[in-house]
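Okay, so here's the structure we're looking at.
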Amino acid sequence: MGASSPIIKFTATGVTYMSQNFNLTGVQFVAKQCGASISGGENGGHCWLCGGDVVNGHKLRDIVPETLTNHNQASSPSSGYVCAECAAMTSKESWEEYVDNNQEMGLKKGYAVSWRCYSHAAWDGHHECPKRDRWRELLESPPDPPFVFCIAISSQKQILFRSKISFSTDVFYVQFEDETLLISRRAFLSVIYVFEELYSGGFSKDSIKTGSYNSKRVMKFGIKKWRSLDDKIATFRSSNINEIKLAHFCAQKDEK
């Protein structure tokens, strides 16, 4: 960590975007917006999970169970410490406290329900757990940077610690389950509009993504119109696969 990137300054209401030497990881940034931190007494070094600086962190053995087998996912595998933010964002107890303090968000508690079960979008003084229709809006019109987008598909994996902070609305990161996608907003808009026109015309999301269409559906839609739209999608399938994945995830059907 410690790469030269934009710096942020924390204020009472959130984060102020500044200039250089930005040193937070994605999960640390999200935790700051949520007010989530479990302080310990360890300082120095890098977090085993996210690779960020450890301030008031914890010994690895106190946070990560010995039964965890996917050690290859650690950002700093030689470290023996976990940062206070990762400790909080992997904690069921901190999730339940967050839910209790933000009841208007309609989030759930219960057996095995924690941070990993939800998607996360965070920016200056703001955090939410978007659903697909909301992701459609955010991807079309991202917030002012810096921000973090993390989309959980299975709701079973700890993926937030892999997320990256974006500093542009033109090209930005989306943590999409296990994949860290770099997204061009311009390309996404080109893809999503065509994708949704086909989807609203009765084609399944899978058929649009793969190009394997039902011939009867094509005839009903109109061969000429279908070919014109699919020719555009065909180009995207090879050149903008990341944007296709997100369109497949969040495309909305026009019911008119």
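Overview of results
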{"read-out": "Cross-link pairs beyond the 25 Å C-alpha cut-off, checked among K109/K253; K92/K245; K32/K59; K108/K209", "value": "K109/K253; K92/K245; K108/K209"}
{"read-out": "Rounded, prolate or oblate (a/c below 1.5 giving rounded, otherwise prolate when a/b exceeds b/c) for the range 58-186 by Cα gyration tensor", "value": "oblate"}
{"read-out": "Translational diffusion of the range 132-207, µm² s⁻¹ [Kirkwood Rh, Cα pairs; Stokes-Einstein; 10 °C; 1.306 mPa s]", "value": "118"}
{"read-out": "Globularity ratio of the chain, using Cα Rg and 2.2 N^0.38 Å", "value": "1.13"}
{"read-out": "Ranked packing of 209-220, 224-235, 111-122, most packed first, by mean Cβ within 10 Å", "value": "111-122, 224-235, 209-220"}
{"read-out": "Ellipticity estimate at 222 nm from DSSP helix runs (n ≥ 4, -39,500 (n - 2.57)) divided over the chain, nearest 500", "value": "-10500 deg cm²/dmol"}
{"read-out": "Efficiency of FRET between S154 and I223 - r from beta-carbon atoms, R0 51 angstrom, step 0.05", "value": "0.85"}
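Every read-out reported here was derived from the displayed coordinates using simple, explicitly stated rules and does not represent laboratory data. On a predicted model such as this, the values are computed, not experimentally measured, just so you know. Every residue, glycine as well, gets a Cβ built from its backbone with ideal geometry; the counts of neighbours run over all protein chains shown.
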